[in-house]
């Protein structure tokens, strides 16, 4: 890409051709030992739920076409080890005790299983790729696990409208690869794309890396097929962009975390894949510089900016330590910003980027910058950002918080957490460091507190929570409101799950919680769906 | 704009400088005489609702700060003529009999009035700009009318995030003008912008002219303030792009047409105003040519295409007859397409447009084309499209249908309606013509059947309905489904109101309708909110 002629200056935006073509994809960490020592204060099991027996397992097996769709330690059709990946969450923080895993192959099978569970007071945990970070997709006690992984076919794709209809268990990356072959793109992308499933993405209203450009799933998802808690199939699939005929029921299921039904298929509007993609990564001296670069990028790139991500040096050092970033910068900084553009004209996009770079180079905003030269380098630069969460998890025990904060003040939250943990004598001691990264363009901060060792500690958790929630969210308690300086959200995109369900009043007023409880009751009067989570 | 050098050919894209700078804005038609003779089969009044008396009016007056906020024919504070614009819908098709109009000035006043109505079984019709086309914002019988027009201030605007928080009664055009002065744009635009209110826009999930670019309100609206049917104020305002803490309650109110609460304020994400705007209008020989131009426009314009509108020659002739279009084309056609682009670089946008025009000129797809040279011409070209609905209304008695249909087959619906009315001996007789126009980019067709005279006729309506609904929507009736060739929606953006409420089963399955009825009951157990409409 010779058209980016850079001045020979120590502050230069260099090509990224010295980067390795593609860094090896690191497997998901299998941290199974941590939680056993973690004193989680989760709801106790309600006696209203049936305890499953071998005779129940035999009955469930009759509801599915293939006997191997039911795996249980009760009748010896599975070992505890085989159920472990379904009982344990991605972080190794939440461990359920389920003895029955069902993997239905058709919507009808899902319907029959759920109907039977409802009639027999059996609690059900719907499970997608189990990549969530708030303990939402694993059982708390002995709930039946209903995995969508065998329900994963593409039902239809219309290249005129770009509408894809596919089943819940389809892996996000597979959906996107299929679309790429047709010249389209899935309007959601996230680090866990190789494992997460599109049904789970919709059930948790996942945000991720493309929200800045394509908006939230609430705009892209055109229709859903859902098995309701009584087993009825709600056919809300649709290829229409506009349909104002009643309440938009699908919106209730988007982000409902399996609490009022199981999403079995989705219709989603997929944009054309950009003909030209550029990725640049900058090192910067301060968060103030990140803000100014963000503002300049919006001005110069306009409609072609498709992502604006930020990570701090603490996160970057963790990535380097895990081997996820070779020598990238001549001058490293306290902060890093990744900018992606996607447009229909490579020439126009380059000109817009050059104009941005010229402005950045003539200012002291950036210390150094690299621009990807080909698709492999695009992947490499993205991977540095995408490896942040995983590298921090590998560096110790990571306490992860996903927060919505106005972008101007986003990094203040990280600094205040550091000061708080220092004051408590933890930072520099049991706590190694506090890192911040996230989707700056959306005001979405991922705050990671990384402690020594590999055991979650009640002391550290107690020092962080509810401090972090008090800091970020306005606390609605009975008649008073304790205003936060940020008026943010305690969960931007990860959801509530088991982790944040008890803290919902830091982001929702009493009236909201009352309405939510009544909605839950309306859809799931027996409370069998994903209990002990979300709305308590 | 000399850079668009056009070949001297009979097929040329000419500059639009011969257009008048801005066509006069026609006032909304005041067609008050029609409906009195229209035999509308609306629900009869339920005896459960209280009949208001002068003593009720005195009590309501105590709930508001200013006595002039209550206007009633019961106590002589208003004449029937003064209430007429609130009792009669925009088309002059639906006439209510309300004797009490309340215009609260604060959210607290709205809350107190609604609380009182709920306690006293008084039916309430929330009313915005009353520009709806399905009889959703006027009373059916003697419901109290609660107008939001005095609740219209801008509460805040954040130029960093682009988030506007404003009250429901703010006129859309005023909101957009305010934003324009800050370099931003309201992500919704529609013909009625000079009268409609942003609260009503959100309550009906209005679609309009910018949906292709900015998506639906479901993505743009970040938060709402709503007075619930029991009078409680639900504070769901938010400036956050991401907030996954429970069910997204605001989505239930978006498009709920006043059936479960009254929207009193909205927070909405407003994009930066495009630095460069271009509008071109083409005449084309066939709908097939429109489809091909749409496909070419998507390819050449990519991310800068902000609207793709279509109208047929019947609609265009009506606009010309009403004085809304001077001589625009050297060669007129059977169809017209309007393309708008909005981008951050005038030069790049022009190059993209030139590339599109070169392709179109070298094909036989278009007959003629004009390109606006300045903002006044942009307005003039837009106005031709925007005057379609009004001009057709003025040409006789217009029966209007708003349909979602896959774009490839969109115009088939117009042709089949013509054939159907011809077969019935109506087209060419009592029916003057059938016109089609709409938001082609969204698959949204506006079908207008224009009849002689100025009285709605049961015969003509009976010939159109339910034929048009059967044609477009799959009919879900009990155990069977009568599939439509289009699998469309009987209401793309206008909503259900009184007009389409009885036909909801042409677009929604039994399970959906059952869930909707239960939701209505949950929020509004006494059924005081906008009765006899939406979900029956």
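Taken together, the values in this text are just the output of simple stated rules run on the coordinates, not laboratory data. Keep in mind that what you see is a predicted model, and the values were worked out from it rather than measured. Quick reminder, even Gly has a Cβ in these numbers, built from the backbone with ideal geometry, and neighbours come from all protein chains shown.
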Two pseudo-spin positions, 7 Å from Cα along C-beta at residue B:153 and at residue B:321, lie apart in nanometres by 4.8
Everything considered on the Cα gyration tensor (a ≥ b ≥ c; rounded for a/c under 1.5, else prolate if a/b is larger than b/c, else oblate), segment A:322-404 must be described as prolate
Output row for residue A:74: copy-to-copy label distances, label 7 Å along Cα→C-beta, ascending, in nanometres, one decimal, is 6.2
Relative to chain B, whose Cα atoms define the longest principal axis, helix B:410-423 and its Cα axis are tilted in degrees, nearest 10, by 80
Residue separation between residue A:296 and residue A:454 times 0.36 nm, minus their alpha-carbon distance, gives in nm 52.7 nm
Mean projected area, convex hull of alpha-carbon positions in segment A:112-153, reported to one decimal in nm², is 3.5
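Would you mind ranking A:329, B:308, A:534 by Cβ crowding within 10 Å, fewest neighbours first? Spell out each step's value before the answer.
Numbers: A:329 17, B:308 22, A:534 27.
Neighbour counts put them in this order, fewest first: A:329, B:308, A:534.
How much length is gained on full extension from residue A:375 to residue A:120, taking 0.36 nm per residue of separation minus their Cα-Cα distance? Spell out each step's value before the answer.
Values: separation 255, 0.36 × 255 = 91.80 nm, distance 5.31 nm.
The residue A:375-residue A:120 span can extend by a further 86.5 nm.
Please arrange A:230, A:374 by counting, for each residue, the other beta carbons lying within 10 Å of its beta carbon, fewest first.
Values: A:230 16, A:374 13.
Listing A:230, A:374 from fewest to most nearby Cβ atoms yields A:374, A:230.
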If labels are modelled 7 Å from Cα along the Cβ direction, residue B:327 lies from its partners in the other copies at nm distances, smallest first, of 7.3
Here segment A:173-254 gives, from Cα atoms, an Rg and Dmax in Å of 13.6, 40
If N is the residue count of segment A:54-147, its Cα Rg over 2.2 N^0.38 Å rounds to 1.01
Partner shielding of A:267-275, taken as the mean number of other chain Cβ atoms within 10 Å, equals 1
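Taking all pairs of distinct Cα atoms, average 1/r, flip it, and tell me the Kirkwood hydrodynamic radius of segment B:178-224 in Å to one decimal place.
Kirkwood radius, segment B:178-224: 11.2 Å.
Based on alpha-carbon atoms only, what is the radius of gyration of segment B:254-320 relative to the globular estimate 2.2 N^0.38 Å? Intermediate results must be reported in sequence, preceding the final value.
Details: Rg = 18.1 Å, N = 67, 2.2 N^0.38 = 10.9 Å.
It is 1.67.
222 nm [θ] for chain A, helices only, -39500 (n - 2.57) per DSSP H run of 4+, per residue, to 500? Kindly include the intermediate steps, with their values, before the conclusion.
On the way: 16 runs with 159 residues, N = 536.
It lands at -8500 deg cm²/dmol.
Give me the extension gain from residue A:363 to residue A:288: residue separation times 0.36 nm, minus the current Cα-Cα distance, reported in nm with one decimal. Walk me through the numbers on the way to the answer.
On the way: separation 75, 0.36 × 75 = 27.00 nm, distance 1.33 nm.
Between residue A:363 and residue A:288, full extension yields 25.7 nm more.
Return the FRET efficiency for the residue pair residue A:518, residue A:467: r is the Cβ-Cβ distance, R0 is 41 Å, and the value is rounded to the nearest 0.05. Don't jump to the answer; show the numbers that get you there.
Values: r = 31 Å, r/R0 = 0.76.
The formula returns an efficiency of 0.85 here.
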For the protein assembly as shown, percent of DSSP beta bridges that are antiparallel (nearest 5) comes out at 85
Nearest 10, in degrees from 0 to 90: the angle of helix A:510-523 to the longest Cα principal axis of chain A is 50
Residue A:48 and residue B:487 label points (each 7 Å along its Cα→Cβ direction) are spaced in nm at 3.9
Here, chain B modelled as identical Cα point scatterers in vacuum has Debye log10 I(q)/I(0) at q = 0.10, 0.11 Å⁻¹ of -0.83, -1.01
Against the 2.2 N^0.38 Å rule of thumb, the C-alpha Rg of segment B:276-390 sits at a ratio of 1.00
Here the relative contact order (percent) of chain B, from C-alpha pairs under 8 Å and at least 6 apart, is 17
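Checking the a/c ratio against 1.5 first, then a/b against b/c, what shape does the Cα gyration tensor give for segment B:104-254? Walk me through the intermediate numbers first.
Values: a/c = 1.76, a/b = 1.39, b/c = 1.26.
It comes out prolate by the Cα gyration axes.
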Helix B:346-361 sits off the longest principal axis of the Cα atoms of chain B, rounded to the nearest 10 on a 0 to 90 degree scale, by 60
One decimal, nm, nearest first: from residue A:183 to the same residue in each other copy, label points 7 Å out along Cα→Cβ, the values are 3.6
Placing one equal point scatterer on each C-alpha of the protein assembly as shown and summing with Debye, one gets log10 I(q)/I(0) at q = 0.07 Å⁻¹ equal to -0.65
Restricting to Cα pairs under 8 Å and 6 or more apart, the percent relative contact order of segment B:210-276 works out to 42
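With 10 angstrom as the radius, rank A:370, B:57 by how many other C-beta atoms surround their C-beta, starting from the fewest.
Numbers: A:370 24, B:57 21.
Ranked by crowding around the Cβ, least crowded first: B:57, A:370.
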For segment A:374-414, the Cα-Cα pair-distance distribution in 5 Å bins from 0, as whole percents, is 5, 17, 16, 18, 20, 14, 8, 0
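Report the antiparallel proportion of the DSSP beta bridges in chain B as a percent, rounded to a multiple of 5.
Values: 67 of 78 bridges.
Taking every DSSP beta bridge within chain B, about 85 percent pair in antiparallel fashion.
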The percentage of Cα-Cα pairs in segment A:396-523 separated by more than 25 Å is 27
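Considering Cα pairs under 8 angstrom that are at least six residues apart, work out the relative contact order of segment A:318-455 and quote it in whole percent.
Working: 138 pairs, mean separation 35.3, N = 138.
That works out to 26 percent.
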